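The next block holds one structure in the form of C-alpha coordinates; read it before the comments.
The values are calculated or read from the model by the stated rules, or taken from the named source; none is laboratory data. As the structure is a computational prediction, the values presented were derived from the model and not from experiment. Every residue, glycine among them, receives a Cβ derived from its backbone with ideal geometry; neighbour counts consider all protein chains shown. Heavy atoms of the whole protein, side chains included, go into the accessibility calculation; ligands, DNA and RNA do not. Shrake-Rupley method; radii C 1.70, N 1.55, O 1.52, S 1.80 Å.
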Amino acid sequence: MKKIKDLQAWIDGYEEIDKVVNELELAWDFLKEGLVEESDLDALYKDAITKIENLELRNMLRREEDKLGVVLKINSGAGGTESQDWASMLMRMYLRWCEDHGYKTSIANLLEGDEAGIKSCTINVEGDFAYGYLKSENGVHRLVRVSPYNAQGKRMTSFASVFVTPLVDDTIEVKVEPALLSWDTFRSGGAGGQNVNKVESGVRLRYQYTDPYTGEQEEILIENTETRDQPKNKGNALRQLRSILYDKELQHRLQEQAKIEAGKMKIEWGSQIRSYVFDDRRVKDHRTNYQTSDVNGVMDGDLDAFIKAYLMEFAGNEE
(Lines give C-alpha, C1' and ligand atoms only; values in the text may rest on other atoms or scores of the structure.)
Protein backbone atom coordinates (compact mmCIF):
# COMPACT_ATOMS: atom_id res chain seq x y z
CA MET A 1 0.00 0.00 0.00
CA LYS A 2 2.90 2.35 0.73
CA LYS A 3 4.37 1.68 -2.74
CA ILE A 4 0.99 2.25 -4.38
CA LYS A 5 0.52 5.50 -2.45
CA ASP A 6 3.99 6.68 -3.46
CA LEU A 7 3.39 5.93 -7.15
CA GLN A 8 -0.03 7.58 -7.01
CA ALA A 9 1.56 10.74 -5.63
CA TRP A 10 3.82 10.96 -8.72
CA ILE A 11 0.86 10.38 -11.05
CA ASP A 12 -1.21 13.02 -9.24
CA GLY A 13 1.71 15.45 -9.36
CA TYR A 14 2.18 14.95 -13.08
CA GLU A 15 -1.54 15.32 -13.83
CA GLU A 16 -1.72 18.50 -11.76
CA ILE A 17 1.20 20.02 -13.68
CA ASP A 18 -0.24 18.88 -17.02
CA LYS A 19 -3.53 20.56 -16.14
CA VAL A 20 -1.99 23.89 -15.11
CA VAL A 21 0.27 23.99 -18.20
CA ASN A 22 -2.76 23.44 -20.44
CA GLU A 23 -4.56 26.24 -18.62
CA LEU A 24 -1.52 28.46 -19.15
CA GLU A 25 -1.45 27.74 -22.88
CA LEU A 26 -5.18 28.50 -23.12
CA ALA A 27 -4.78 31.74 -21.16
CA TRP A 28 -2.00 32.81 -23.57
CA ASP A 29 -4.39 32.38 -26.49
CA PHE A 30 -7.11 34.27 -24.61
CA LEU A 31 -4.66 37.09 -23.84
CA LYS A 32 -3.92 37.57 -27.55
CA GLU A 33 -7.66 37.85 -28.13
CA GLY A 34 -8.09 40.29 -25.24
CA LEU A 35 -10.26 37.92 -23.19
CA VAL A 36 -8.01 37.80 -20.06
CA GLU A 37 -5.76 40.27 -18.28
CA GLU A 38 -1.98 39.97 -18.30
CA SER A 39 -2.05 39.72 -14.49
CA ASP A 40 -4.17 36.54 -14.81
CA LEU A 41 -1.56 35.03 -17.11
CA ASP A 42 1.22 35.97 -14.67
CA ALA A 43 -0.65 34.30 -11.79
CA LEU A 44 -1.11 31.09 -13.80
CA TYR A 45 2.57 31.11 -14.83
CA LYS A 46 3.68 31.53 -11.22
CA ASP A 47 1.42 28.66 -10.12
CA ALA A 48 2.80 26.38 -12.87
CA ILE A 49 6.42 27.17 -11.93
CA THR A 50 5.70 26.50 -8.23
CA LYS A 51 4.10 23.10 -8.95
CA ILE A 52 6.94 22.05 -11.28
CA GLU A 53 9.60 23.09 -8.75
CA ASN A 54 7.81 21.25 -5.93
CA LEU A 55 7.75 18.03 -7.95
CA GLU A 56 11.38 18.53 -8.97
CA LEU A 57 12.28 19.00 -5.30
CA ARG A 58 10.52 15.77 -4.38
CA ASN A 59 12.55 14.04 -7.08
CA MET A 60 15.65 14.94 -5.03
CA LEU A 61 14.36 12.68 -2.23
CA ARG A 62 15.28 9.34 -3.77
CA ARG A 63 16.96 7.52 -0.91
CA GLU A 64 15.20 4.77 1.05
CA GLU A 65 15.25 6.72 4.30
CA ASP A 66 14.03 10.02 2.80
CA LYS A 67 10.36 8.99 2.91
CA LEU A 68 10.47 8.22 6.65
CA GLY A 69 9.52 10.37 9.63
CA VAL A 70 12.07 12.08 11.86
CA VAL A 71 13.46 12.03 15.38
CA LEU A 72 14.66 15.61 15.84
CA LYS A 73 16.75 16.39 18.93
CA ILE A 74 17.80 19.89 19.99
CA ASN A 75 20.56 20.51 22.57
CA SER A 76 21.50 23.93 23.91
CA GLY A 77 25.20 24.79 23.80
CA ALA A 78 27.43 26.45 26.36
CA GLY A 79 26.18 29.86 27.44
CA GLY A 80 23.56 29.25 30.09
CA THR A 81 20.18 30.95 29.83
CA GLU A 82 20.87 32.62 26.48
CA SER A 83 21.66 29.35 24.67
CA GLN A 84 18.77 27.59 26.42
CA ASP A 85 16.42 30.33 25.18
CA TRP A 86 17.88 29.86 21.67
CA ALA A 87 17.18 26.11 21.85
CA SER A 88 13.53 26.80 22.75
CA MET A 89 13.26 29.23 19.82
CA LEU A 90 14.53 26.51 17.47
CA MET A 91 12.02 24.05 18.93
CA ARG A 92 9.19 26.50 18.22
CA MET A 93 10.56 27.11 14.69
CA TYR A 94 10.50 23.40 13.80
CA LEU A 95 7.10 22.81 15.39
CA ARG A 96 5.69 25.69 13.30
CA TRP A 97 7.27 24.28 10.13
CA CYS A 98 5.75 20.86 10.83
CA GLU A 99 2.34 22.38 11.54
CA ASP A 100 2.43 24.35 8.28
CA HIS A 101 3.24 21.16 6.32
CA GLY A 102 0.68 18.92 7.99
CA TYR A 103 3.12 16.72 9.89
CA LYS A 104 2.14 15.11 13.19
CA THR A 105 4.50 15.95 16.07
CA SER A 106 4.94 14.70 19.62
CA ILE A 107 7.42 15.75 22.30
CA ALA A 108 9.17 12.54 23.37
CA ASN A 109 11.34 14.23 25.99
CA LEU A 110 11.80 17.79 27.27
CA LEU A 111 14.34 19.12 29.75
CA GLU A 112 13.56 22.70 30.70
CA GLY A 113 16.21 25.36 31.33
CA ASP A 114 17.18 26.68 34.75
CA GLU A 115 15.63 30.14 34.25
CA ALA A 116 14.17 30.14 30.74
CA GLY A 117 14.20 28.08 27.56
CA ILE A 118 15.16 24.41 27.34
CA LYS A 119 18.33 22.39 27.79
CA SER A 120 17.20 19.71 25.34
CA CYS A 121 14.16 18.24 23.66
CA THR A 122 13.31 15.32 21.40
CA ILE A 123 10.52 15.70 18.83
CA ASN A 124 9.03 12.84 16.84
CA VAL A 125 7.78 13.99 13.44
CA GLU A 126 5.52 11.62 11.51
CA GLY A 127 4.59 12.01 7.86
CA ASP A 128 5.78 11.29 4.33
CA PHE A 129 9.26 12.57 3.46
CA ALA A 130 9.74 14.37 6.80
CA TYR A 131 13.33 13.05 7.04
CA GLY A 132 14.06 13.90 3.42
CA TYR A 133 13.24 17.54 4.06
CA LEU A 134 14.54 17.95 7.61
CA LYS A 135 17.89 16.17 7.12
CA SER A 136 19.16 19.54 5.88
CA GLU A 137 18.77 20.89 9.46
CA ASN A 138 21.35 18.54 10.97
CA GLY A 139 24.22 20.49 12.55
CA VAL A 140 25.03 23.51 14.72
CA HIS A 141 22.84 26.62 14.55
CA ARG A 142 24.37 29.96 15.60
CA LEU A 143 22.45 32.94 17.01
CA VAL A 144 23.81 36.48 17.21
CA ARG A 145 21.67 39.09 18.99
CA VAL A 146 21.55 41.66 21.77
CA SER A 147 20.61 39.36 24.62
CA PRO A 148 17.65 40.24 26.85
CA TYR A 149 19.42 38.24 29.56
CA ASN A 150 22.52 40.46 29.53
CA ALA A 151 22.31 43.47 31.87
CA GLN A 152 24.82 45.47 29.79
CA GLY A 153 22.79 44.91 26.59
CA LYS A 154 25.77 43.35 24.84
CA ARG A 155 25.64 41.48 21.57
CA MET A 156 26.01 37.77 22.31
CA THR A 157 26.62 34.62 20.27
CA SER A 158 24.87 31.38 21.20
CA PHE A 159 24.88 27.89 19.76
CA ALA A 160 22.46 24.97 19.69
CA SER A 161 22.89 21.63 17.97
CA VAL A 162 20.18 19.86 16.00
CA PHE A 163 20.41 16.09 15.45
CA VAL A 164 18.14 14.54 12.83
CA THR A 165 17.65 10.78 12.52
CA PRO A 166 15.07 8.80 10.49
CA LEU A 167 12.03 7.64 12.48
CA VAL A 168 11.92 4.01 11.41
CA ASP A 169 8.61 2.26 10.87
CA ASP A 170 7.58 -1.39 10.57
CA THR A 171 8.87 -1.62 6.98
CA ILE A 172 12.49 -1.15 8.15
CA GLU A 173 14.23 -4.13 9.75
CA VAL A 174 16.56 -3.24 12.63
CA LYS A 175 18.00 -5.92 14.91
CA VAL A 176 17.79 -5.14 18.63
CA GLU A 177 19.45 -7.63 20.99
CA PRO A 178 17.19 -8.06 24.10
CA ALA A 179 20.17 -9.18 26.20
CA LEU A 180 21.81 -5.79 25.71
CA LEU A 181 18.74 -3.88 26.94
CA SER A 182 18.06 -2.61 30.46
CA TRP A 183 15.30 -0.39 31.85
CA ASP A 184 14.85 2.13 34.66
CA THR A 185 11.62 3.90 35.61
CA PHE A 186 11.16 7.31 37.21
CA ARG A 187 8.49 9.88 37.96
CA SER A 188 7.88 12.19 35.04
CA GLY A 189 7.50 15.33 37.16
CA GLY A 190 6.21 18.69 35.99
CA ALA A 191 2.62 19.61 35.21
CA GLY A 192 0.02 16.93 34.69
CA GLY A 193 -1.65 16.29 38.03
CA GLN A 194 -0.99 13.94 40.90
CA ASN A 195 -0.79 10.81 38.76
CA VAL A 196 2.33 12.05 36.93
CA ASN A 197 4.10 12.85 40.18
CA LYS A 198 3.17 9.64 42.03
CA VAL A 199 3.43 6.98 39.32
CA GLU A 200 6.77 6.03 37.77
CA SER A 201 5.55 6.35 34.18
CA GLY A 202 8.82 7.77 32.78
CA VAL A 203 11.21 5.20 31.34
CA ARG A 204 14.96 5.20 30.78
CA LEU A 205 16.37 2.72 28.27
CA ARG A 206 20.03 1.68 28.22
CA TYR A 207 21.43 -0.29 25.28
CA GLN A 208 25.00 -1.61 25.15
CA TYR A 209 25.91 -1.05 21.52
CA THR A 210 28.98 -2.39 19.71
CA ASP A 211 29.79 -0.87 16.33
CA PRO A 212 30.02 -3.81 13.89
CA TYR A 213 32.52 -1.92 11.71
CA THR A 214 34.93 -0.47 14.30
CA GLY A 215 34.30 -2.63 17.39
CA GLU A 216 33.82 0.50 19.52
CA GLN A 217 31.39 0.16 22.41
CA GLU A 218 28.99 2.75 23.76
CA GLU A 219 25.89 2.97 25.91
CA ILE A 220 22.84 4.41 24.17
CA LEU A 221 20.61 6.21 26.70
CA ILE A 222 17.01 7.16 25.86
CA GLU A 223 14.43 8.74 28.18
CA ASN A 224 10.73 8.93 27.33
CA THR A 225 8.01 10.74 29.28
CA GLU A 226 5.62 11.20 26.36
CA THR A 227 2.56 9.67 28.03
CA ARG A 228 1.34 8.64 31.50
CA ASP A 229 1.30 5.02 30.34
CA GLN A 230 4.59 3.25 31.10
CA PRO A 231 4.15 0.47 28.47
CA LYS A 232 3.48 3.10 25.81
CA ASN A 233 6.57 5.03 26.87
CA LYS A 234 8.60 1.81 26.63
CA GLY A 235 7.29 1.24 23.13
CA ASN A 236 8.18 4.80 22.14
CA ALA A 237 11.68 4.43 23.62
CA LEU A 238 12.24 1.19 21.68
CA ARG A 239 11.13 2.92 18.50
CA GLN A 240 13.67 5.68 19.12
CA LEU A 241 16.36 3.05 19.73
CA ARG A 242 15.56 1.40 16.40
CA SER A 243 15.79 4.82 14.75
CA ILE A 244 19.23 5.45 16.29
CA LEU A 245 20.54 2.02 15.25
CA TYR A 246 19.20 2.54 11.73
CA ASP A 247 20.84 5.95 11.59
CA LYS A 248 24.21 4.52 12.66
CA GLU A 249 24.07 2.15 9.69
CA LEU A 250 23.03 5.08 7.50
CA GLN A 251 25.96 7.19 8.73
CA HIS A 252 28.35 4.35 7.88
CA ARG A 253 26.95 4.30 4.34
CA LEU A 254 27.37 8.06 4.07
CA GLN A 255 30.97 7.86 5.27
CA GLU A 256 31.75 5.23 2.66
CA GLN A 257 30.12 7.41 0.03
CA ALA A 258 32.09 10.42 1.26
CA LYS A 259 35.37 8.64 0.51
CA ILE A 260 34.26 8.35 -3.09
CA GLU A 261 32.79 11.83 -3.36
CA ALA A 262 35.94 13.37 -1.81
CA GLY A 263 34.30 16.05 0.26
CA LYS A 264 31.43 17.05 -1.98
CA MET A 265 29.07 16.77 1.00
CA LYS A 266 29.50 17.83 4.59
CA ILE A 267 28.36 14.90 6.67
CA GLU A 268 29.94 15.70 10.03
CA TRP A 269 27.42 16.35 12.78
CA GLY A 270 29.35 19.14 14.45
CA SER A 271 29.52 21.55 11.50
CA GLN A 272 28.08 25.03 11.91
CA ILE A 273 25.47 25.12 9.20
CA ARG A 274 23.53 28.35 9.66
CA SER A 275 23.78 31.76 11.32
CA TYR A 276 20.82 33.80 12.53
CA VAL A 277 21.92 37.43 13.00
CA PHE A 278 18.93 39.27 14.44
CA ASP A 279 20.39 42.81 14.54
CA ASP A 280 21.47 42.70 10.88
CA ARG A 281 18.17 41.12 9.79
CA ARG A 282 19.97 38.20 8.19
CA VAL A 283 19.80 34.40 8.22
CA LYS A 284 22.51 32.69 6.17
CA ASP A 285 23.17 29.03 5.40
CA HIS A 286 26.95 28.48 5.19
CA ARG A 287 26.68 25.36 2.99
CA THR A 288 24.62 26.81 0.16
CA ASN A 289 25.23 30.56 0.82
CA TYR A 290 21.46 31.09 0.60
CA GLN A 291 20.36 33.94 2.86
CA THR A 292 17.26 35.98 3.63
CA SER A 293 16.43 39.16 5.54
CA ASP A 294 13.06 37.78 6.70
CA VAL A 295 14.26 36.77 10.16
CA ASN A 296 10.76 36.77 11.66
CA GLY A 297 9.46 34.54 8.87
CA VAL A 298 12.25 32.02 9.39
CA MET A 299 11.68 31.90 13.16
CA ASP A 300 7.98 31.32 12.42
CA GLY A 301 8.90 28.18 10.47
CA ASP A 302 9.46 29.46 6.93
CA LEU A 303 12.38 27.13 6.14
CA ASP A 304 11.38 25.91 2.68
CA ALA A 305 13.84 28.09 0.75
CA PHE A 306 16.77 26.83 2.90
CA ILE A 307 15.64 23.21 2.53
CA LYS A 308 15.22 23.57 -1.22
CA ALA A 309 18.65 25.21 -1.67
CA TYR A 310 20.29 22.35 0.29
CA LEU A 311 18.50 19.56 -1.58
CA MET A 312 19.07 21.04 -5.03
CA GLU A 313 22.79 21.41 -4.32
CA PHE A 314 23.55 18.23 -2.37
CA ALA A 315 20.82 15.62 -2.91
CA GLY A 316 22.14 14.64 -6.34
CA ASN A 317 25.48 13.68 -4.77
CA GLU A 318 23.87 11.18 -2.40
CA GLU A 319 23.19 8.56 -5.03
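Cross-link partners of K73 among lysines, defined as those whose alpha carbon lies under 24 angstrom from its own and excluding same-chain residues fewer than eight positions apart: K104, K119, K135, K175, K232, K234, K248, K266, K284, K308.
Think of the chain as a dipole: +1 on every Lys or Arg Cβ, -1 on every Asp or Glu Cβ, centred on the Cα centre; then among I273, A130, L35, I273 lies furthest on the positive end.
Between E38, E16, E137, the GNM of the chain built on Cα springs shorter than 10 angstrom shows E38 fluctuating the most.
For region 105-174, what does the alpha-carbon gyration tensor say about shape, rounded, prolate or oblate, given a ≥ b ≥ c as the root eigenvalues, a/c under 1.5 as rounded, and a/b over b/c as prolate?
Values: a/c = 3.82, a/b = 2.23, b/c = 1.71.
Taking the square roots of the gyration eigenvalues as a ≥ b ≥ c, region 105-174 is prolate.
Taking amide H as placed 1.01 Å from N in the peptide plane, M156 has its amide H under 5 Å from the amide H of R145, V146, S147, each at least 5 places away in sequence or on another chain. With the highest mean first, a sort of the peptides 93-99, 145-151 on other beta-carbon atoms found within 10 angstrom per residue produces 93-99, 145-151.
With a cut-off of 15 Å between beta carbons, the residues surrounding L143 carry a summed charge of +3, where Lys and Arg count +1 and Asp and Glu -1. A dipole drawn for the chain from +1 and -1 charges on Cβ atoms has a positive end, and of P148, L181, L7 the residue lying farthest that way is L181.
Pick from T210, T81, T225 the residue whose mean-square fluctuation is largest in a GNM of the chain, springs joining Cα atoms under 10 Å. Comparing T210, T81, T225 in the GNM, the peak value goes to T210. Partners of K46 within straight-line reach, counting aspartates and glutamates whose Cα lies under 18 Å from its Cα and excluding those fewer than 8 residues away in the same chain: E15, E16, D18, E23, E25, D29, E37, E38, E56, D304. Its DSSP H runs of at least 4 residues, each contributing -39,500 (n - 2.57), put the calculated 222 nm mean residue ellipticity of the chain at -13500 deg cm²/dmol, to the nearest 500. Each Lys and Arg Cβ is given +1 and each Asp and Glu Cβ -1; about its Cα centre, the chain then shows a dipole of about 1440 debye. Using a cutoff of 8 angstrom between alpha carbon atoms and counting only pairs six or more residues apart, the relative contact order for the chain works out to 17 percent. Taking θ as phi - 60° and the Karplus parameters 6.51, -1.76 and 1.60, the scalar couplings of region 304-312 work out to 4, 5, 5, 4, 4, 4, 5, 5, 5 Hz in sequence order, x denoting glycine and proline.
On a per residue basis, the chain carries 54 Å² of accessible surface, using protein heavy atoms and a 1.4 Å probe.
What the phi angles of region 70-81 give under the Karplus curve with 6.51, -1.76 and 1.60, with θ = phi - 60°, is a coupling list of 9, 9, 10, 10, 10, 10, 6, x, 5, x, x, 4 Hz, glycine and proline written as x. Amide H to amide H distances under 5 Å link G113 with I118, K119, where only residues 5 or more positions off or on other chains count and H is placed in the peptide plane. Taking amide hydrogens as placed 1.01 Å from N in the peptide plane, the amide H of V168 sits under 5 Å from those of S243, each at least 5 positions away in sequence or on another chain.
If you add up the charges near R282, with Lys and Arg at +1 and Asp and Glu at -1, over every other residue whose beta carbon is less than 14 angstrom from its beta carbon, what do you get? Display every interim value, and only then the final one.
On the way: positive: R142, R145, R155, R274, R281, K284; negative: D279, D280, D285, D294.
Summing Lys and Arg as +1 and Asp and Glu as -1 gives +2.
Pick from S39, S120, S136: which is most flexible by mean-square fluctuation in a GNM of the chain where alpha carbon atoms under 10 Å apart are linked? For the chain, modelled as a Gaussian network with Cα springs under 10 Å, the answer is S39.
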